[in-house]
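Worksheet for the structure shown next.
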Ligand code: SF4
């Protein structure tokens, strides 16, 4: 028996009436492989396709350093607590600026629309700014440079903008302050500082794990619209070797898909991109989640071509 109320919540969202928080909680309690969840995802896709006008995007990320990070997000390979377990490993902790610029130019040549420069908090901020400046000076204005670094003061956000960053990824993660050493208040302040600096935001509900607290998930989902991001989504917990994440397990893929769909229904068309797919990532440089990033040019070009094909097969124009 299909639950009419669930259908009604989804239909209302499509008509521009976003679900209330209580409804978000209700949706999060669905079996992710039920008929109702399938309906939620289908309606979210309809809404999301309207928001992005059917357009898909290939984005790239360059991990610029692998310094031990004092923020200690336990799920991250670069958290200082995790690095200390691998003292035998040696290697460069920073990708040379010339190499970062090389990757960025390759991505621009291949038609990628956005390059994220991902840094640990162990990287000196001035050095990070130099990386942003070097990339900005080497790629066309049409390529968005997205900063993905630590929390920012108002002054640092302005400096990032002056250096050439014209987007930022920032999120108040699940378990912030518990599974990380980051003060949630600082995360929220950074949202404000980015807005004041005029830097467009990408955000996400992450990392989602099995049996994550539904109230916390609902809070994160319901906050998205007021942050007015240009892109948003949801991301699973990626286990990295030697990390102690307090027994947390990655969520079922179907649940992460459901979370992303609920996020889309809740923020309506306020965020043009994401929540239903539509973005395919290609990664280079340092890899904080041990996913296996590309290094050589041919591999990266092949990955970009494959990403475009995936988007097209998923019904997006690229
Ligand atoms: S996720 Fe980012 S802030 Fe957290 S430990 Fe890793 S590099 Fe540092």
Label-point separation in nm, residue 29 to residue 305, each point 7 Å along Cα→Cβ: 5.0 nm
Using Cβ counts within 10 Å as a stand-in for footprinting exposure, how do 7, 146 rank, fewest first? 7, 146
Mind checking the angle between helix 4-14 and the chain's longest principal axis? C-alpha axes, 0 to 90 degrees, to the nearest 10. 50 degrees
Give me 125, 78, 255 ranked fewest to most by other Cβ atoms within 10 Å of their Cβ, as a rough exposure proxy. 125, 255, 78
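Looking at the chain, I'd like the Rg to Rh ratio, where Rg is from alpha-carbon atoms and Rh is Kirkwood's inverse mean 1/r.
Numbers: Rg = 19.2 Å, Rh = 20.1 Å.
My calculation puts Rg/Rh at 0.96.
Report for the chain the percent antiparallel among DSSP-assigned beta bridges with both residues inside it, nearest 5.
Values: 2 of 32 bridges.
Once the DSSP bridges in the chain are tallied, antiparallel ones form about 5 percent.
Please state the shape class of the range 25-77: rounded when a/c is under 1.5, otherwise prolate if a/b exceeds b/c and oblate if not, all from the C-alpha gyration tensor.
Numbers: a/c = 4.06, a/b = 1.59, b/c = 2.55.
Cα axes put the range 25-77 in the oblate bin.
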Below 8 Å, C-alpha to C-alpha, sequence gap of six or more: please give me the relative contact order for the chain in percent. 26 percent
Applying the gyration tensor rule to the Cα atoms of the range 36-151 (axes a ≥ b ≥ c; rounded if a/c under 1.5, else prolate if a/b exceeds b/c, else oblate), the class is oblate
Could you give the angle, 0 to 90 degrees to the nearest 10, between helix 214-227's Cα long axis and the longest principal axis of the Cα atoms of the chain? 70 degrees
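Show that you can apply the helix-only estimate: for the chain, add -39,500 (n - 2.57) for every DSSP H stretch of four or more residues, divide by all residues, and state [θ] at 222 nm to the nearest 500. Mind dumping the intermediate values first?
Working: 11 runs with 136 residues, N = 318.
After summing the helix terms and dividing by residue count, I get -13500 deg cm²/dmol.
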Return one number: the angle in degrees, 0 to 90 and rounded to the nearest 10, between the long axis of the Cα atoms of helix 154-163 and the longest principal axis of the Cα atoms of the chain. 70 degrees
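Order 270-280, 236-246, 152-162 from most to least packed using the mean count of other Cβ atoms within 10 Å. Please report the intermediate quantities before stating the final value.
On the way: 270-280: 22.3, 236-246: 15.7, 152-162: 17.6.
Averaged packing, sorted descending, gives the order 270-280, 152-162, 236-246.
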Sort 139, 208 by Cβ crowding within 10 Å, fewest neighbours at the top. 139, 208
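No lab work stands behind these numbers, since they all come straight from the coordinates. Being a predicted model, the structure only gives us computed values, none of them experimental. When we count neighbours, we look across all protein chains shown, and the Cβ atoms used for this are built from the backbone with ideal geometry, even at glycine.
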